[in-house]
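The values are calculated or read from the model by the stated rules, or taken from the named source; none is laboratory data. In this text, all values refer to a predicted model and were calculated from it rather than measured experimentally. Virtual Cβ from ideal backbone geometry, glycine too; neighbours counted across all protein chains shown.
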Amino acid sequence: MAESRKNKVIIVGCGPGLKAYLSPKSMYHIKKAEILVGSRRLLKLFPRVDAEKVVLEKNYSILIQKIAEWSRSKQVVVLVSGDPCFFSYTKMIVRKMGRERCTIIPGISSIQLAFAAVGESWDDACFLSLHGRNNEYEQLVKKVRAYSKVAILTDHKNTPSVIARYLLKHGIQKRQMFICKNLSLPEEAIHATDLISAINMSTSGSAVVIIKNTNNETR
């Protein structure tokens, strides 16, 4: 396998954050890194990688500028959770660096894991992120009415309970809700429920929610 040029930034999708889900190509580039950038959780996966480790927190703009500078002389590898091209800061890196100076290694997204966990196909689904976003609820209603399946990334504020309550308030009732927590981890939990029951469910942290139209009709 040929080594990438030094001036290319390698963006690696780490999937759910387990080494078992990383491809050999991903591991190859991670081991070759001179500077490894990622969240604390992802960096902890690679204690034996002999690279300078830089924690990515909420300093995106500043750090992306530094990544551009570092990449002139060193091999920079950026770790992202899930798939780099799905609701990720990869977009910011590519915009700054240019497509020709980035190599993106795909990963398994939490959406893929969620659909696999509930045994549903996702080629007919629509996707929405409420993770850190409070202005997407009108789009949520439109998409749930228009599509037979909608997959939603949530957070500690935009919980399954909040989502269910909002949909019911807007006249959407006959839907099944799958709540997928801690996907791929030992404490993985999958709950299948309806919107009314979901209102009283207590969940913390992030989850993937799948809303399915049980009548295969839109309204």
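Observations
- Segments classed as helices (runs of 4 or more DSSP H), wholly inside region 24-98, with at least 2 members that are under 16 Å from LYS8 (Cα atoms): 24-32, 60-70, 90-97
- Options ASN134, ASN158, ASN215; residue that is touching a Lys or Arg at 6+ places or on another chain (Cβ under 8 Å), assigned to a loop (DSSP other than H, G, I, E, B) and surrounded by 15 or more Cβ atoms within 10 Å (Cβ to Cβ): ASN158
- Yes/no for LYS142 being free of Cβ contacts under 8 Å to residues at least 60 places away in the same chain, in the same structural domain as SER197 (by TED's automatic domain parsing) and either hydrophobic (A, V, I, L, M, F, W, C) or surrounded by fewer than 18 Cβ atoms within 10 Å (Cβ to Cβ) (or both): yes
- Identity of the residue in region 175-191, touching a helix residue (DSSP H, G or I) at 6+ places or on another chain (Cβ under 6 Å) and closer than 16 Å to MET201 by Cβ, that ends up surrounded by the fewest Cβ atoms within 10 Å (Cβ to Cβ): ILE190
- For region 1-19, taking the residues that are hydrophobic (A, V, I, L, M, F, W, C) and modelled with pLDDT under 90, the one that is surrounded by the fewest Cβ atoms within 10 Å (Cβ to Cβ) is identified as ALA2.
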